[in-house]
Number of protein chains: 2
Amino acid sequence: MFTTYMNEALAEATKALERGEIPVGAVVVGSSGNIIARAGNETRSRLDPSAHAEVLAIRQACEILETERLVGCDLYVTLEPCAMCAALIANARIRRVYFGASDPKSGGIQQGARIFEHKQTHHAPEIYSGIGEEKAAKLLTNFFANKRKQK
Amino acid sequence: MFTTYMNEALAEATKALERGEIPVGAVVVGSSGNIIARAGNETRSRLDPSAHAEVLAIRQACEILETERLVGCDLYVTLEPCAMCAALIANARIRRVYFGASDPKSGGIQQGARIFEHKQTHHAPEIYSGIGEEKAAKLLTNFFANKRKQK
């Protein structure tokens, strides 16, 4: 099951790559196992620094379910969420977060801000890391290697 | 000058209150002193947990200036930004943040996640706190006191 949902997130990351975006993808899954929303990173095409895959998928799921709080929903994302996305995950009351690759440079869960470890967080989801890590990391490594070549 | 811009942010907070939202307001000011964008909290009306005043004002400013990065722009906000908003402020490369009341419960700058104090932040703006603090705090205190009365 984990792999199936992460593959959907990886498919979103691949689509993001094809649009020239940093390849990160996310999927919101409801408590009955249905995929509610899916999104890839769109910061460049939208000219919106908040348009990370997680933010877009969570906003979409809230719109569909007509609620501010995704209680009982899980998030699958190819890369460790940054502090902005992690704090939104807490605000949205996501139950479980499954992520692929760790992000020592910008991650906000297992490093840096460690969003869920302070009393200012309104909620702390369960965290499962390393799912589909290799594929997620490969997409990102190739993207940044190509960027450097283009310079 | 600080007071003028903060008063604009306070006006947005008051409008948010009138809409039944948590009264927080924000204004983005360009390098020449012009107000580029203004917004109040809209999490309830939009059913969007990301729709904090700061997020809406930054997204609006990026759309108007057609850029992902608000280099040289300042943000005035009535309450200490939460971790989500602080991380977006870093992503958007906001130059200076002026905020009113501190937020021991949800703040992410001077407490908890302390977003700008880790090497994972992509940028650390200058921070000025306590501007228009009393008015900002009063709006919030009244809002939550009324909420409790209604229960």
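The values are calculated or read from the model by the stated rules, or taken from the named source; none is laboratory data. Note that the structure is predicted; figures quoted are calculated from it, not measured. Note that we place each Cβ from the backbone using ideal geometry, even for glycine, and neighbour counts take in every protein chain shown.
Going residue by residue through the stretch B:13-24, is there one that turns out to be within 14 Å of chain A (Cβ to nearest Cβ), in contact (Cβ under 8 Å) with a residue 60 or more places away in the chain, in contact with a helix residue (DSSP H, G or I) (Cβ under 8 Å, 6 or more places away or on another chain) and under 21 Å from B:E133 (Cβ atoms)?
At the first step, the residues of the stretch B:13-24 found to be within 14 Å of chain A (Cβ to nearest Cβ) are B:20-22, B:24.
If we keep only those that are in contact (Cβ under 8 Å) with a residue 60 or more places away in the chain too, we end up with B:22, B:24.
Subset that is in contact with a helix residue (DSSP H, G or I) (Cβ under 8 Å, 6 or more places away or on another chain): B:22, B:24.
Narrowing further to those that are under 21 Å from B:E133 (Cβ atoms): B:22, B:24.
Looking through the stretch B:13-24, at least one residue is within 14 Å of chain A (Cβ to nearest Cβ), in contact (Cβ under 8 Å) with a residue 60 or more places away in the chain, in contact with a helix residue (DSSP H, G or I) (Cβ under 8 Å, 6 or more places away or on another chain) and under 21 Å from B:E133 (Cβ atoms).
What is the residue count in the stretch B:41-53 for residues that are more than 10 Å from chain A (Cβ to nearest Cβ) and under 18 Å from B:A90 (Cα atoms)?
1
Does at least one position in the stretch A:52-62 carry a residue that is surrounded by 24 or more Cβ atoms within 10 Å (Cβ to Cβ), in contact (Cβ under 8 Å) with a residue 60 or more places away in the chain and of a type in the set (A, V, I, L, M)?
Within the stretch A:52-62, not a single residue is surrounded by 24 or more Cβ atoms within 10 Å (Cβ to Cβ), in contact (Cβ under 8 Å) with a residue 60 or more places away in the chain and of a type in the set (A, V, I, L, M).
In the stretch A:108-134, which residue that is out of contact with any Lys or Arg (no Cβ under 9 Å at 6 or more places or on another chain) and under 13 Å from A:V77 (Cβ atoms) is nearest to the other protein chains (Cβ to nearest Cβ)?
Among those residues, the one meeting the criterion is A:I109.
Free of Cβ contacts under 8 Å to residues at least 40 places away in the same chain and more than 16 Å from the chain's Cα centre (by Cα): is that true of B:S45 in this structure?
On the way: free of Cβ contacts under 8 Å to residues at least 40 places away in the same chain: yes; more than 16 Å from the chain's Cα centre (by Cα): yes.
So B:S45 passes the test.
Quick check on my filter: what residues within the stretch B:70-113 are closer than 27 Å to A:A124 by Cα, charged (D, E, K, R) and surrounded by fewer than 20 Cβ atoms within 10 Å (Cβ to Cβ)?
Of the stretch B:70-113, the ones closer than 27 Å to A:A124 by Cα are B:77-92, B:99, B:101-113.
This time we only want the ones that are charged (D, E, K, R), so: B:80, B:103, B:105.
Listed by number, the list holds a single entry, B:K105.
Would you kindly identify the helices (runs of 4 or more DSSP H) lying entirely within the stretch A:36-151 that contain at least 2 residues that are at pLDDT below 95?
On the way: elements: A:43-46, A:53-65, A:83-91, A:133-150.
Ranges flagged: A:133-150.
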